[in-house]
1. Please go through region 57-72 and give me each residue that is in contact (Cβ under 8 Å) with a residue 40 or more places away in the chain, open to solvent by 40 Å² or more (accessible area, probe 1.4 Å) and of a type outside the set (Lys, Arg), ordered by number.
2. It is to be established whether one or more residues within region 8-25 are at negative phi, touching a Ser or Thr at 6+ places or on another chain (Cβ under 8 Å) and of a type in the set (Phe, Trp, Tyr).
3. Taking Leu126, is it assigned to a loop (DSSP other than H, G, I, E, B), farther than 21 Å from Glu25 by Cβ and either hydrophobic (A, V, I, L, M, F, W, C) or in contact with a Ser or Thr (Cβ under 6 Å, 6 or more places away or on another chain) (or both)?
4. Consider only pairs whose beta carbons are under 6 Å apart and that are at least six residues apart or on different chains; among these, list those whose first residue lies in region 31-52 and is more than 15 Å from His85 (Cα to Cα) and open to solvent by 50 Å² or more (accessible area, probe 1.4 Å) and whose second residue is part of a loop (DSSP other than H, G, I, E, B) and not acidic (Asp, Glu).
5. Scan region 92-107 and give yes if some residue there is more than 18 Å from the chain's Cα centre (by Cα) and either open to solvent by 30 Å² or more (accessible area, probe 1.4 Å) or farther than 23 Å from Gln48 by Cβ (or both), otherwise no.
6. Might you let me know whether region 73-86 holds any residue that is touching a strand residue (DSSP E or B) at 6+ places or on another chain (Cβ under 7 Å) and of a type in the set (A, V, I, L, M, F, W, C)?
7. Say whether the condition of being modelled with pLDDT of 95 or more, among the polar types (S, T, N, Q) and under 18 Å from Asn21 (Cα atoms) is met by at least one residue in region 102-115.
8. List the helices (runs of 4 or more DSSP H) inside region 34-123, counting only whole elements, that have at least 1 residues being within 18 Å of Thr8 (Cα to Cα).
Amino acid sequence: MTVMDHITRQEVWDRVRFDPNGCDESLPVIYHWEFCEPGGECHGYVGQAKYGSQRPKEAYAYNVSRLLNGEPYRPNKPDDWRRVHRIMAQAVSKDWEITLSLVENCDEIDLSRRERHWIAEKGCTLNNG
C-alpha cells in the first residue's frame, strides 16, 4: 500500500481479529496487540485502557490510517510515530495477521503494575519506543 492509496480507519480495523477474551469491555483493561509475519515472527505490544476497550479499538486504527496516508503524528512532532504504530502500519500494508486481545480487567489503580507484568509475561518488545 502506498501513500496514494488512501486508507480509512475502518479499513485498518477490518484487518484486525479482535478477541475480547471474556473481559468486560466497559471496565479498565489490559490489552495485547500481536502482529505476525507470514514466516512466523510475531511482534507484541501490551497497553492499558482506563475506560475500557474503546480507545485501543479506535485510536490505533485512526493513527495507523493517518500514518499510511502520509499524515503527521502531531503538528509539532510529525514523525514521532511510536514503534507499535509503525509495525501495525507494516502489518496492514503487508497483510500480516493482526490480533487485538483483551488480557484482563483490573482495578484502575493496578493498571500500570499489571501492564508491566503482561509486557514481561508476553515478551513484548514494541513497548520500548
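1. Glu58, Tyr62, Gly70
2. Within region 8-25, one or more residues are at negative phi, touching a Ser or Thr at 6+ places or on another chain (Cβ under 8 Å) and of a type in the set (Phe, Trp, Tyr).
3. When the stated conditions are applied, Leu126 passes them.
4. Listed by first residue and then by second, the contacts come to Glu37/Trp96; Lys50/Pro28.
5. Checked against the condition, which is being more than 18 Å from the chain's Cα centre (by Cα) and either open to solvent by 30 Å² or more (accessible area, probe 1.4 Å) or farther than 23 Å from Gln48 by Cβ (or both), region 92-107 yields at least one hit.
6. Yes, because at least one residue in region 73-86 is touching a strand residue (DSSP E or B) at 6+ places or on another chain (Cβ under 7 Å) and of a type in the set (A, V, I, L, M, F, W, C).
7. Yes: one or more hits.
8. 54-68, 83-93
The values are calculated or read from the model by the stated rules, or taken from the named source; none is laboratory data. Since the structure is predicted, the reported quantities are computational estimates derived from the model, not experimental observations. Cβ coordinates were reconstructed from backbone atoms using ideal geometry, including for glycine residues, and neighbour counts include every protein chain displayed. In case anyone asks, the SASA skips ligands and DNA or RNA and just uses the protein heavy atoms, side chains included. Shrake-Rupley method; radii C 1.70, N 1.55, O 1.52, S 1.80 Å.
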